[in-house]
Amino acid sequence: MTALPTNSIFHTDLGPADAPVLLLVHGWGGDGRQWSLHAEALAQRFRVIVPDLRGHGRTAVPATGNTPLEMAHDLAALLRELHAGPAVAVGHSMGGQVVNLLAVLHPLSVRSVITLDPAHGAPETDLDDIHTSLAAYRSQGAPAAAAFVERAFGPQAPPGLRTAHVRTMLGTPGHVIAQAYAGMYLDDGAVGLRPRAQEYLRLRSCPALTVWTAQRFADWERTTLHAPKSRVEHWPDTGHYLHEEQPDRAVRLIEDWAASA
């Protein structure tokens, strides 16, 4: 596969053109709107680029190749076109996989990474459930994925956030949902399962900050750290969309990390 033409990747580009670059990447079945509050705040100090990944939002929808790997190649091409690297690349969920792949495969594009509840590190004991989920996404498409999203929020999530994400997932083409999920966990070279995730995280040479909502995943990822200044945080009592449930905290985290990077 080849990267999408950059003029088919919808994105916004906010803030001073000569400021340090932040790349904010959404997750599976989402789009760049989930970063709206953060982008507005961060654009006071940074150049903030927010794309819609291939198959999502307002970006082109290929018939095939809607995987984190190809999304990473797309973003590398976009950054080159915008003369915007190296960036601090921030990704949520599947977007966390995408920015890590970007850092490994296109290291000159990335200064450091922040991943928020990333889609990697699933234990092999989850494999049967992953196969079952993929079968549901292939047969039912967006409604099956929306059921996952319904359960992904903490009790303190802002009003309307759950509905907004369910609607966005329901608007995502079914073949994109299935291809992206398979690309995260089951395709050849997928890095979502723990043994493969450990291998590819060790290929990441830049500093990395990861935030998990589950203590057991935070503990596991701490065993993979090797680049200087890297660290893992645990944010308990929040749902999977932690950056939107606690936007002010997420903005401070990104600001502090980017300033130090």
Accessible area per residue in Å² at 1.4 Å probe, computed on the chain = 42 Å²
Whole-percent carbon and sulfur share, accessible surface of the chain, 1.4 Å | 52 percent
Hydropathy first: keep DSSP H helices in the chain averaging at least -0.5 on Kyte-Doolittle, then drop any whose Cα extent along the axis falls short of 18 Å, and list what survives.
-> 68-82, 127-140, 247-260
Amide proton proximity set for residue 114, modelled H, under 5 Å, gap of 5+ | 89, 90, 91, 209
How large is the charge dipole for the stretch 1-121, taken about the Cα centre, if only the Cβ atoms of Lys, Arg (+1) and Asp, Glu (-1) carry charge, to the nearest 20 debye?
-> 100 debye
One quarter of the C-alpha convex hull surface, i.e. the mean projected area of the stretch 78-148 in nm², amounts to 6.2 nm²
Taking square-rooted eigenvalues a ≥ b ≥ c of the alpha carbon gyration tensor, is the chain rounded, prolate or oblate, where a/c under 1.5 means rounded and, failing that, a/b exceeding b/c means prolate?
-> rounded
Residue by residue through the stretch 114-120, which ³J(HN,Hα) values in whole Hz follow from phi under the Karplus form 6.51 cos²θ - 1.76 cosθ + 1.60 (θ = phi - 60°), with glycine and proline marked x?
-> 10, 10, 10, 6, x, 8, 8
Could you give the nm distance between label points at residue 17 and residue 124, where each point is 7 Å from its Cα heading toward the beta carbon?
-> 5.3 nm
To the nearest Å, what is the center-to-center distance of the stretch 63-123 and the stretch 1-33, using C-alpha atoms only?
-> 10 Å
For the stretch 57-158, with +1 on Lys and Arg beta carbons and -1 on Asp and Glu, the positive-most of 133, 75, 121 along the dipole | 75
Which semi-axes, in whole Å and largest first, does the equivalent ellipsoid of the stretch 160-261 have when worked out from the alpha carbon gyration tensor as the square roots of 5 times its eigenvalues?
-> 25, 22, 13
So for R0 = 35 Å, FRET eff. of residue 2-residue 161 from the Cβ-Cβ r, to 0.05, ends up at 0.45
Relative contact order of the stretch 116-240 (C-alpha contacts under 8 Å, at least 6 apart) in percent is 32 percent
What is the magnitude of the charge dipole of the chain about its Cα centre, with +1 placed on the Cβ of each Lys and Arg, -1 on the Cβ of each Asp and Glu, and no other charges, expressed in debye to the nearest 20?
-> 300 debye
Inter-site label distance for residue 170 and residue 229 at 7 Å from Cα along Cβ, in nm = 4.4 nm
Which distance in nm do the two modelled labels at residue 215 and residue 139 give, with both placed 7 Å along the Cα-to-Cβ direction?
-> 3.8 nm
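The values are calculated or read from the model by the stated rules, or taken from the named source; none is laboratory data. Just so we're clear, the structure is a prediction, and the values are computed from it rather than from any experiment. A quick note on method: Cβ atoms are made from the backbone with ideal geometry, for glycine too, and the neighbour counts reach across all protein chains shown. The accessibility values were calculated without ligands, DNA or RNA, using every heavy atom of the protein model including side chains. Shrake-Rupley method; radii C 1.70, N 1.55, O 1.52, S 1.80 Å.
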